[in-house]
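Visitor: Got a structure here, written out as structure tokens. Questions coming.
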Amino acid sequence: MARLLLLSLLGLVAICAVHGIFMDRLASKKLCADDECVYTISLARAQEDYNAPDCRFINVKKGQRIYVYSKLVQENGAGEFWAGSVYGDDHEDEMGTLGYFPSRLVEEQRVYQEATKEVPTTDIDFFCE
């Protein structure tokens, strides 16, 4: 009985430790500058405002800079989305908000590295807290 109670408590702790949900995948592959998709591909500037439809996406205001980390490979007529981070007006000590946005929304200002590595997406790419 004590073991069952302990297992139940451990399960509750595991559930509480994970605050989020795995959302549907937007694509099965992405293009990155490296195998881990950690290096910045480019710096882009938003050409218009964008309101995120759900937690996988980021809100963007016209004129904001976005650091692009991956570009989803378009599938089945779906829109083309990129992953990046956007910062507020005063972002010196701020960690950027990371998420997806439509590629048509931005104009690349500077390309740091070409996105030539095709990498499979994982569930964590579409995890929302």
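Visitor: Give me the number: length gained by fully extending Arg25 to Cys128, i.e. 0.36 nm times residue separation minus the C-alpha to C-alpha distance, one decimal in nm. Please report the intermediate quantities before stating the final value.
Guide: On the way: separation 103, 0.36 × 103 = 37.08 nm, distance 1.17 nm.
Length difference between fully extended and current span is 35.9 nm.
Visitor: Count the lysine pairs in the range 24-128 that are 8 or more places apart or on different chains: how many have C-alpha atoms under 25 angstrom apart?
Guide: Lysine pairs, 8 or more places apart or on different chains, close enough: 8.
Visitor: Taking the DSSP beta bridges in the range 24-128 as the whole, what percent of them are antiparallel, to the nearest 5? Write out the running numbers ahead of the final one.
Guide: Numbers: 27 of 28 bridges.
Beta bridges within the range 24-128, antiparallel portion: roughly 95 percent.
Visitor: Percent of accessible area on the range 24-128 owned by carbon and sulfur, 1.4 Å probe? Each step should come with its number before you reach the end.
Guide: On the way: 2690 of 6260 Å².
Here carbon and sulfur together make up 43 percent of the probe-accessible area.
Visitor: For the range 25-129, what is the largest minus smallest coordinate of the Cα atoms on each principal axis, given in angstrom and ordered from greatest to least?
Guide: 34, 29, 25
Visitor: Roughly how many Å² is the accessible area per residue of the range 24-128, as a whole number, for a 1.4 Å probe?
Guide: Result: 60 Å² per residue.
The values are calculated or read from the model by the stated rules, or taken from the named source; none is laboratory data. On a predicted model such as this, the values are computed, not experimentally measured, just so you know. Remember, those area values only see protein heavy atoms, side chains included, never the ligands or the DNA or RNA. Shrake-Rupley method; radii C 1.70, N 1.55, O 1.52, S 1.80 Å.
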